[in-house]
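Asker: Have a look at this one before I ask anything.
Read-outs throughout are calculated quantities, based only on the coordinates presented, and are distinct from any laboratory measurement. Just so you know, these numbers come straight off a predicted model, no measurement behind them. Heads up, the Cβs are rebuilt from the backbone with ideal geometry, glycines too, and the neighbour counts pull from every protein chain shown.
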Amino acid sequence: MSRPAHRVTIFGAGYIGLVAGACFAELGHHVTIRDIQPERVRILNSGEVPIYEPGLGDMLARNKERLSYTLDGDEAVRDADVAYICVDTPPTASGDADLSRVWAVIDTLGTAGHLKAVVVKSTVPVGTGERIRRALDEAGLGHVGYASNPEFTAEGRAITDFMRPDRIVIGATDTETADLVAALHDGIDGPVDVMDIASAEMVKMAANALLATKISFTNEIAALCEATGADITHVTRAIGQDHRLGPHFMNAGLGYGGSCFPKDSRALRALASNTGYPFQLLTAVIEVNELQPRRAVQRLKTQLGTLKGRTVTLLGMTFKPGTDDMREAPSTIIAARLLAEGAHVRCWDPMARPGPGAPWDTAERHPGISEALDHADAAVVVTEWPELRDTDWSAHVTRMQTPVIFDGRNVLDLTTMQALGYTYLSVGRASGPEHTA
Ligand code: UGA
């Protein structure tokens, strides 16, 4: 049975907008993607993809008849039924979300002749939808519906998450708009949960904050494991078997990074503070996370005696594997701290695209793991790329000046690494200098 196709305009050709656009086209809709960066639009029009996301290139290519890309906002919305706002909402100096790009999109909607709904997918503070509703009314777009449809996809598996979601959350004040947004998702296997706009906005912020809390909680238990001789991998495995807690987001490590958790947790804390409510638990979650990369450098310093003049290799730079994204990557803090301590920093990563400036201008990047480890005094596993599990660690042990590995993601086998002759440190396992006696 064929589904009715809609004309959807996506504002923002970033990770969220491109994935949503590709998936809506896959579902049979006609999609126009508008971005303000000429280079991005040029790349898309030439059939390339400006970001790395598994499966995205193939999906865009497969649906190219139903996809177009433009810089022109007026042209983008002229024939649209639905305008999806997927622009970024970076933090301002106060920690609030910068909504200027969202407002810029609202300003372009005046030329839309057939628009039935404006939908926000960007992560925005609770209360934004109400403000947008008022702005639409004032712009003479009172007949256009408004909905919040937060995004729960994770980078590296965004296509799968979009097409097989745990839930599709729709916040709307009228059933017509909610039904239209639900209809856009027809063909997707996942429950639709309709609620008011403020609640939908809160679901997104609270879900990310709870996931971040789970990670910071695990990292604190890991620190206690280091101090007491327990092993975090055993502890979380058994905790995760409790169906009320579940096994996910309990990997101890160097802390969470990326474009979402750090920004969204700070934005929720700022939102709470602005209402006069101090969100103390979230403040602790953020502090624990900020400590993780610094603790790793400190533990390495204790192990090596000094970091001055030592060569330290960072294995992995992106905030997680399967992406080229360097936003808020713990590797950046670790590299900057190592440089500040006088170390030479080398790095390896199969995908990372660090921007210009410190610390990556100073760090020496190598295309292969072996060269990156040559004569190094220590290496830190920062990102759990599969290549690091598969590489021949028995060959690297003699390549390094001193075979010290800090496994910041607990991906290597403790016993094997120690048997190979490494001084092997990890997070929350009794393998640090504290427990080698
Ligand atoms: C996250 C959420 O998982 C998505 O549901 C959400 O839609 C998205 O943010 C967003 O708000 O747009 P993402 O930032 O792509 O997705 O990455 P995650 O896979 O969630 O990882 C975030 C960070 O947490 C990474 O640095 C990862 O290494 C770290 N992490 C994750 C841990 O340190 N331990 C864990 O157990 C899990």
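Asker: Pairs of alpha-carbon atoms within less than 8 angstrom and 6+ residues apart define the contacts here; what relative contact order does the chain have, in percent?
Answerer: Reported as a whole number, the value is 11 percent.
Asker: Another question, then. Computed over the Cα atoms, what is the radius of gyration of the chain divided by 2.2 N^0.38 Å, N being its residue count?
Answerer: For the chain, the normalised Cα radius of gyration is 1.06.
Asker: Treating each Cα of the stretch 209-354 as an identical point scatterer and ignoring solvent, apply the Debye formula and state log10 I(q)/I(0) at q = 0.10, 0.14, 0.21 Å⁻¹.
Answerer: Normalising to I(0) and taking log10 leaves -0.40, -0.78, -1.32.
Asker: How much length is gained on full extension from A284 to T92, taking 0.36 nm per residue of separation minus their Cα-Cα distance?
Answerer: Full extension from A284 to T92 adds 67.0 nm.
Asker: Please give, to one decimal in nm, the separation of the simple spin-label points placed at E39 and A5, each 7 Å out from Cα toward the Cβ.
Answerer: Modelled inter-label distance: 3.3 nm.
Asker: Taking 7 Å along the Cα-to-C-beta vector as the label spot, tell me the H248-L224 distance in nanometres, rounded to one decimal.
Answerer: Taking the two extended label points, one gets 2.5 nm.
Asker: Projecting each Cα onto the charge dipole of the chain (Lys/Arg +1, Asp/Glu -1 at the beta carbon, about the Cα centre), which of I33, V397, W360 comes out farthest on the positive side?
Answerer: V397
Asker: Given Cβ point charges of +1 (Lys, Arg) and -1 (Asp, Glu) and nothing else, what value in debye, to the nearest 20, does the dipole of the stretch 261-426 about its Cα centre take? The partial results should precede the final answer.
Answerer: On the way: 18 positive and 19 negative charges, 116 e Å.
For this selection, approximately 560 debye.
Asker: Return the sequence-ordered ³J(HN,Hα) values of the stretch 414-429 in whole Hz as given by the Karplus equation 6.51 cos²θ - 1.76 cosθ + 1.60 applied to θ = phi - 60°, using x for Gly and Pro.
Answerer: After applying 6.51 cos²θ - 1.76 cosθ + 1.60, I find 4, 5, 4, 4, 5, 5, 6, x, 7, 8, 10, 10, 8, 9, x, 10 Hz.
Asker: Select from P350, L339, T318 the residue farthest towards the positive end of the dipole of the stretch 261-426; place +1 on Cβ of Lys and Arg, -1 on Cβ of Asp and Glu, and compute about the Cα centre.
Answerer: The Cα lying farthest towards the positive end belongs to L339.
Asker: Right, something else. Dipole size in debye (nearest 20) for the stretch 7-195 around its Cα centre, Lys and Arg Cβ +1, Asp and Glu Cβ -1?
Answerer: Its charge dipole is roughly 160 debye.
Asker: Using 1/(1 + (r/R0)^6) with R0 = 22 angstrom and r between the beta carbons of R157 and D189, what's the FRET efficiency to the nearest 0.05?
Answerer: The formula returns an efficiency of 0.90 here.
Asker: If you project the alpha carbons of the stretch 1-131 onto the principal axes, what extent comes out on each, in Å, largest first?
Answerer: 44, 32, 27
Asker: Rounded to the nearest 20 Debye, what is the dipole magnitude of the chain about its Cα centre when Lys and Arg each give +1 and Asp and Glu each give -1 at the C-beta?
Answerer: 740 debye
Asker: Let me ask something else about it. Give the Rg/Rh ratio for the stretch 44-198, taking Rg as the radius of gyration of the Cα atoms and Rh as the Kirkwood radius, to two decimals. All intermediate terms of the calculation are to be shown ahead of the outcome.
Answerer: Working: Rg = 15.9 Å, Rh = 16.8 Å.
Ratio of gyration radius to Kirkwood radius for the stretch 44-198: 0.95.
Asker: Working out 0.36 nm times the residue gap between D107 and E387, then minus their Cα-Cα distance, what length gain in nm do you get to one decimal?
Answerer: Once the chain is fully extended between D107 and E387, it gains 96.1 nm.
Asker: Stick to Cα atoms and the Kirkwood definition of Rh, then tell me Rg/Rh for the stretch 188-280.
Answerer: 1.05
Asker: Counting helices only, and only those DSSP H runs with n ≥ 4, report the 222 nm mean residue ellipticity of the chain as the sum of -39,500 (n - 2.57) divided by its residues, in deg cm²/dmol to the nearest 500.
Answerer: Rounded to the nearest 500, it is -12500 deg cm²/dmol.
Asker: Let me ask another. Sorted by mean Cβ packing within 10 Å, highest first, what order do the peptides 113-126, 63-76, 396-409 take?
Answerer: Working: 113-126: 21.4, 63-76: 17.1, 396-409: 19.9.
Going by the mean number of other Cβ atoms within 10 Å, highest first, we get 113-126, 396-409, 63-76.
Asker: How big is the shadow of the Cα convex hull of the stretch 261-426, averaged over all directions, in nm²?
Answerer: It is 10.2 nm².
Asker: Let me ask something additional. Considering only C-alpha atoms, what is the centroid distance from the stretch 29-97 to the stretch 346-380, in Å?
Answerer: 32 Å
Asker: Once the Cβ-Cβ distance between L291 and E176 is put in as r, and R0 is 45 Å, what FRET efficiency do you end up with, to the nearest 0.05?
Answerer: Details: r = 49 Å, r/R0 = 1.08.
Efficiency for this residue pair is about 0.40.
Asker: Compute the distance in nm between two label points, each set 7 Å from the Cα along the Cα-to-Cβ direction, one at D196 and one at K308.
Answerer: Result: 6.2 nm between the two label points.
Asker: Follow-up. Name the long-range amide H neighbours of I168: under 5 Å, sequence gap of 5 or more, or other chain; modelled H, no Pro or chain starts.
Answerer: V192, D193
Asker: For the chain, list the DSSP H helices whose alpha carbon atoms reach 30 Å or more along the long axis and whose average Kyte-Doolittle value is -1.0 or above?
Answerer: Counting only whole DSSP H runs, the qualifying helices are 197-228, 280-304.
Asker: On a full-extension model of 0.36 nm per residue, what is the gain between D166 and H366, subtracting their alpha-carbon distance, rounded to one decimal in nm? It would help to have the intermediate numbers written out before the result.
Answerer: Details: separation 200, 0.36 × 200 = 72.00 nm, distance 3.93 nm.
Difference between extended and current length: 68.1 nm.
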